[in-house]
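Read the figures in this text as sums done on the coordinates, not as results from a lab. In this text, all values refer to a predicted model and were calculated from it rather than measured experimentally. Note: ideal-geometry Cβ built from the backbone for every residue, glycine included; neighbour counts use all protein chains shown.
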Amino acid sequence: MERIALVTGGTRGIGESISVMLKENGYTVIANYGGNDQAAQEFTERTGIQTSKFDVSDIESVLTHIQRIEDEVGPIDVLVNNAGITRDGTMHRMDFEQWNKVIQTNLSSCFNTARAVIGGMRARDFGRIVNIGSVNGQAGQYGQVNYAAAKSGIHGFTKALAQEGAAKGITVNAIAPGYVETDMVRAVPKDVLAKIVKTIPVGRLGQPEDIARSVLFLVSDDASFITGSTLSINGGQHMY
């Protein structure tokens, strides 16, 4: 049976790799994106994956668009909450908008999307939810109180929802990537990035495929006994 997967933030970086790997392994994938129409069109032309534009931080938008996806494509069996942004700054310089935008986009989005699909998953006695956290949600990071709080919240959200879904065949897990070679990380000044790499025992940045392979396993039938777990994929940078 071909299962349907929704990947938020699914057209770029880690999300793109997840979307492509799921498609290559037989899933029907819908990749959500928030803003760049041209990039989304190029993504679809390159991969053949359908996209859906909506703001994951807006509950009404999420409910409307996920209902449309399910009406047009079918019930969502797999949800990967990957969408995320940064608005870095130290606390004494951070304004509420920087705080709130990151919390809403990175953390509240997980509630919004899960709320939209959980009823159907319960009715069908099957579901797979994977939430993308971060090493910085585990260890903290200077200048990222907003991002670290949101990602740390994802790990708690995962454990609680896993307990609720377990008896209905729904597994909920998280992945905490370390520093992965994406546009976001490549934007870090080279001298700073070199220092970061020195803190990674395996001696390199992660690749998006390192994360995608783990998502592929966690959403499979083979992972049915794994729920409420956080898989750290960080090259040994933080052993948690």
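A few remarks follow.
- Cα centroid of the range 1-62 to Cα centroid of the range 74-103, whole Å: 18
- Amide H partners (placed H, <5 Å) of residue 54, local residues excluded: 33
- Shown in residue order for the range 88-94 are the 3J(HN,Hα) couplings computed by the Karplus curve 6.51 cos²θ - 1.76 cosθ + 1.60 at θ = phi - 60°: 6, x, 6, 3, 6, 10, 6 Hz (x for Gly and Pro).
- Using a Förster distance of 41 Å, the FRET efficiency for residue 220-residue 191 (Cβ separation, nearest 0.05): 0.50
- Reduced Cα scattering model of the range 108-240, Debye log10 I(q)/I(0), q = 0.10, 0.20 Å⁻¹: -0.35, -1.16
- Using only alpha carbons, the range 4-233 has a radius of gyration to Kirkwood radius ratio (Rg to Rh) of 0.95.
- Amide H within-cut-off set for residue 181, under 5 Å, with H built and near neighbours excluded: 206, 207
- If R0 is 45 Å, the Cβ-Cβ spacing of residue 199 and residue 125 corresponds to a FRET efficiency of close to 0.55.
- Long-range amide H partners of residue 233 with built H, under 5 Å: 176, 178
- The range 1-138: Rg to Rh, with Rh as the Kirkwood radius over Cα pairs: 0.98
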